[in-house]
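Shown next, in structure tokens, is the structure this report addresses.
The values are calculated or read from the model by the stated rules, or taken from the named source; none is laboratory data. Everything numeric here is computed off the predicted structure, so don't read it as measured data. Neighbour counts run over all protein chains shown; Cβ positions are idealised from the backbone, glycine included. These area figures cover heavy atoms from the full protein model, side chains too; ligands, DNA and RNA do not enter into them. Shrake-Rupley method; radii C 1.70, N 1.55, O 1.52, S 1.80 Å.
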Amino acid sequence: SPSYHQTLAATVLWAQLLCGWVLSSELTFELPDNAKQCFYEDIIIGTKCTLEFQVVTGGHYDVDCRLEDPDSTTLYKEMKKQYDSFTFTAAKNGTYKFCFSNEFSTFTHKTVYFDFQVGDDPPLFPNENRVTALTQMESACVSIHEALKSVIDYQTHFRLREAQGRSRAEDLNTRVAFWSIGEAIILLVVSISQVVLLRSFFSDKKTTTTRVGS
């Protein structure tokens with residue numbers, strides 16, 4: 001059976017594994033029509049960052065995105081994009097701003113997802129760069145850590161695809177329902193018109209008789 005020190009080491013490794021996920025900011029939010037939403041992040045010079053976004057629901061699934069540095073210099077700007085990813089290295093210290101705009105839409109609101117990663121994940125082991133090789137338990141923890149990161153990424157993308165597919169299916173279902181109702185009304189009007197027309201063909205016409213007296 002594993003000793004107390006092995007159990008404690010495994011607990012600490014799992015805690016380190018879980019703490020390695022806090023450097024990524026993910027958010028799904030509603031962006032109304034004619035609206036603009038901005039977010040801010042304090043970044044240290046030399047930090048590698050990645051901004052990834054995707055429009056989940058609404059209209060043509062597009063949105064405007066803009067990223068600015070602390071001096072309001074535009075680092076990234078795209079118009080009417082459904083999804084995109086942008087990686088950069090901070091050239092100065094300060095607050096970086098990225099905005100999503102739906103101002104070009106007059107009546108359709110959007111649901112937008114973004115993931116803003118700042119820096120790299122901390123090492124799973126504080127002394128990971130040591131000269132000695134990793135133990136079997138440490139190697140297994142590193143493999144599990146990488147596998148779980150991939151699982152999280154796959155789950156996120158599949159969840160976004162499922163939400164987008166559900167939105168399109170509901171929109172298609174609404175259109176089909178309205179089209180079916182319209183066809184039913186048209187058929188009812190045509191049937192009543194045909195009945196009225198046929199009755200007019202076979203109805204007896206009143207005739208007027210005039211007697212001429214002698």
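Scanning region 88-109 for residues that are free of Cβ contacts under 8 Å to residues at least 60 places away in the same chain, of a type outside the set (A, V, I, L, M) and in contact with a Cys (Cβ under 7 Å, 6 or more places away or on another chain) yields PHE88, LYS97. Scan region 55-75 for residues that are among the charged types (D, E, K, R), open to solvent by 30 Å² or more (accessible area, probe 1.4 Å) and either more than 19 Å from ASN102 (Cβ to Cβ) or without any contact (Cβ under 8 Å) to a residue 12 or more places away in the chain (or both) and the total you get is 1. Scanning region 26-40 for residues that are loosely packed, with under 15 Cβ neighbours inside 10 Å, at pLDDT 90 or above and under 21 Å from GLY94 (Cα atoms) yields CYS38, TYR40. Looking at VAL142, is it of a type in the set (A, V, I, L, M, F, W, C) and either at pLDDT 80 or above or not in a loop (DSSP other than H, G, I, E, B) (or both)? Yes: the conditions hold for VAL142.
Applying the condition of being open to solvent by 90 Å² or more (accessible area, probe 1.4 Å) and at pLDDT 90 or above to region 184-194 and asking which residue is farthest from GLY59 (Cα to Cα) yields ILE192. Within the set PHE53, PHE100, the sole residue that is within 23 Å of ASP121 (Cβ to Cβ) and of a type in the set (Phe, Trp, Tyr) turns out to be PHE53.
For region 147-182, what are the residues that are open to solvent by 90 Å² or more (accessible area, probe 1.4 Å) and farther than 15 Å from GLN54 by Cβ?
The answer is GLU170, LEU172, ASN173, ARG175, PHE178, TRP179, ILE181.
Determine which single condition ASN102 fails, assuming it passes every other condition in (1) more than 18 Å from ASP115 (Cβ to Cβ); (2) open to solvent by 60 Å² or more (accessible area, probe 1.4 Å). The one condition ASN102 does not meet is (2). In region 76-91, the qualifying residues are those that are open to solvent by 50 Å² or more (accessible area, probe 1.4 Å) and aliphatic (A, V, I, L, M), and the one that is nearest to GLY46 (Cα to Cα) is ALA91.
Please go through region 116-139 and pick out each residue that is of a type in the set (A, V, I, L, M, F, W, C) and at pLDDT 75 or above. Result: PHE116, VAL118, MET137.
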